[in-house]
Amino acid sequence: MSNELSFSESKVESESKVVSTIDIDLISQLTLEDIKKFIKENYPKVQLNGEVHKSLIENNRRYIDQRISDRDDIYGVTTGFGNSASNRISPIMSQELQKNLMAYHGCGVGEYLSERDCAATLLIRLNCNARGYSGVSWELLKQMELFLQHNIFPAIPAKGSVGASGDLTPLSYIGAALNGQRNVYYQGVIRPTSEVLEELNIAPYELKAKEGLAIMNGTSVMSAIAANTINEIDTAIDTSCKLIALFVELIDGRASPFHPKVHELKPHQGQRYCADLIYKRLSNPEQRLGRRQRTDDQVIEHGLKEKFRLQDSYSIRCSPQVLGSLVDTLNWAKSVLQVEINSVNDNPLIDHESDLILNAGHFYGGHVAAICDALKPQVANMGALLERELGILVDDRLNGGIPNNLVAVDDLGDKAWINHGFKAMQISASALVAEALKQSGPMSVFSRTTEALNQDIVSMGTIAARDLQTILSLVKSVIAIQAMAIRQAYYVLDKDQSAQKLNSLSRPFFDSLAATFSPVIQDRALDGEIEEMVAFLFD
């Protein structure tokens, strides 16, 4: 039995092609990379393995069934929920109790989460419940597996969770869908679950005692949103570093802020990573550690000295530090989320070997809230960094002689004066960054007392995760605008002659931008092209 979750390859003979399969060994560790592959590879098949671990699941299930038969008081099984836990429930009604739990939590609000987030939620919830201490049956896990194998993903409203007792209301949409209720994503379309199951000849699953609570008491929605967002932040950081290298080349900036020796003296891991990525993409960096090669033709002190800058602006010089702090925060966040998605995070916990049913608070999403709240301002600052560099790029007083607003002056002749190039693109980038910065405050400090004082402190982790996702969405558009501006700048500077001098790492990236975005000659609307660039960079 493997110790790690792996993507295996299985041959589909009828189509003569290889299809990826996620092989969950139950004692394995689901990784963020696994989730990324699951999303990027268009939801490969999921298989539950691990006969040894299966016995733990079945033994814990038999144990809780016996305790029910013994008429023991078990929270959420033979009692009511939350503040209603003092209500004793007859064992013969324990199964119906789970149906009611799903029913009264069907009050999600707002648009549905994306298909990707709903898919990741189901995968993570299966992984958490399959740890074996939730008291669920093997049959429930197989129903979850079946949904994943057919790419049926419960459609989950975005709003309505305070992050403790976990994602109660959002996760109720998983339990309800397994039972044939509400809506699901199927083949990219939101449809009634009952129609999809009938079409595929899949029987709705009848939840057993404890199983509704086991599905709903957990952090899988916030974890899924955070996981998908964190995986995209990785791409955003690398893309930003590549764009910074092109920008430094374009304005003939100095290489010293990125020199390895500099970052040996303040050796934060993320800072060194970003500096190294940028430095390796500069042409002849060792020859550019002193004053800039290109100077403008203005003179100061009555024409006796050339005007030049000994140091570039902070947005250039401090870019490894700005992005580096994000990288280090991200690495910490990944380690925290890795634990969360492989944890048993419902309540109560079932341990037949110790003859224990343990009531605890693993559903509290504080760790997810903490990492998302920490990442939010860092991601917003990444957008602010690129927007500041865009401000330099469009200003002919600062950019070393590139036409103002990146107007294609040489192509336009007398019409150059009625064209404005990237003037409005900078305004849009500024607006996007302002909105991102506004949303970057911590959500976890807004705990509310709710559910008749039972949930008297809650994490707000799901909202924090959605905030992080929103901020990244805004910043992705800023990154796309800067990518388009850099491509435009190389064209209006010298018809891409400077691009021909880029080194072997930067040139292919520039060529890919040039193939995606054509230079603006006559002013044109660029809204659709921003979306195309976002898709190119991130999909």
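The values are calculated or read from the model by the stated rules, or taken from the named source; none is laboratory data. Please read all numbers here as calculations on a predicted model, not as lab measurements. Virtual Cβ from ideal backbone geometry, glycine too; neighbours counted across all protein chains shown. Heavy atoms of the whole protein, side chains included, go into the accessibility calculation; ligands, DNA and RNA do not. Shrake-Rupley method; radii C 1.70, N 1.55, O 1.52, S 1.80 Å.
Is it the case that some residue within the stretch 144-167 is hydrophobic (A, V, I, L, M, F, W, C), crowded, with 23+ Cβ neighbours inside 10 Å and under 12 Å from Thr219 (Cα atoms)? Yes: one or more hits. Scanning the stretch 87-107 for residues that are closer than 13 Å to Gly212 by Cα, open to solvent by 30 Å² or more (accessible area, probe 1.4 Å) and in contact with a Leu (Cβ under 9 Å, 6 or more places away or on another chain) yields Gln95, Lys99.
Given the criteria farther than 30 Å from Glu41 by Cβ, out of contact with any His (no Cβ under 8 Å at 6 or more places or on another chain) and of a type in the set (Asp, Glu), does Asp539 qualify? When the stated conditions are applied, Asp539 does not pass them. Residues of the stretch 356-365 that are touching a residue at least 60 places away in the same chain (Cβ under 8 Å) and surrounded by fewer than 20 Cβ atoms within 10 Å (Cβ to Cβ): Asn359, Gly361. All of Arg254, Arg272 fail the test of being part of a loop (DSSP other than H, G, I, E, B) and either open to solvent by less than 10 Å² (accessible area, probe 1.4 Å) or out of contact with any Ser or Thr (no Cβ under 8 Å at 6 or more places or on another chain) (or both), apart from Arg254.
Filtering the stretch 488-505 for residues that are in a helix (DSSP H, G or I), farther than 27 Å from Val162 by Cα and under 18 Å from the mean Cα position of the chain (by Cα) leaves an empty set.
Output the residues belonging to the stretch 468-496 that are without any contact (Cβ under 8 Å) to a residue 24 or more places away in the chain and under 14 Å from Ile237 (Cα atoms). Result: Ser473, single match. Flag not set for Gln482, criterion: in the same structural domain as Gly366 (by the TED database) and not in a helix (DSSP H, G or I). Answer with yes or no whether Phe510 is touching a residue at least 60 places away in the same chain (Cβ under 8 Å), surrounded by 22 or more Cβ atoms within 10 Å (Cβ to Cβ) and out of contact with any His (no Cβ under 8 Å at 6 or more places or on another chain). Criteria met by Phe510. Among helices (runs of 4 or more DSSP H) entirely within the stretch 118-205, having at least 1 residues that are among the aromatic types (Phe, Trp, Tyr) and under 26 Å from Ala370 (Cα atoms) singles out 168-178. For the stretch 404-418, the condition holds for no residue, the condition being that it is over 30 Å from Leu168 (Cα atoms), in a loop (DSSP other than H, G, I, E, B) and open to solvent by 50 Å² or more (accessible area, probe 1.4 Å). Could you tell me whether Gly175 is open to solvent by less than 30 Å² (accessible area, probe 1.4 Å), among the small types (Gly, Ala, Ser) and under 25 Å from Glu198 (Cβ atoms)? Yes; evaluated as a whole, the condition is true for this residue. The number of residues in the stretch 311-345 being closer than 21 Å to Leu265 by Cβ and of a type in the set (Gly, Ala, Ser) comes to 3. Is it the case that Gly135 is in the same structural domain as Ile35 (by the TED database) and surrounded by fewer than 24 Cβ atoms within 10 Å (Cβ to Cβ)? Answer is no for this residue.
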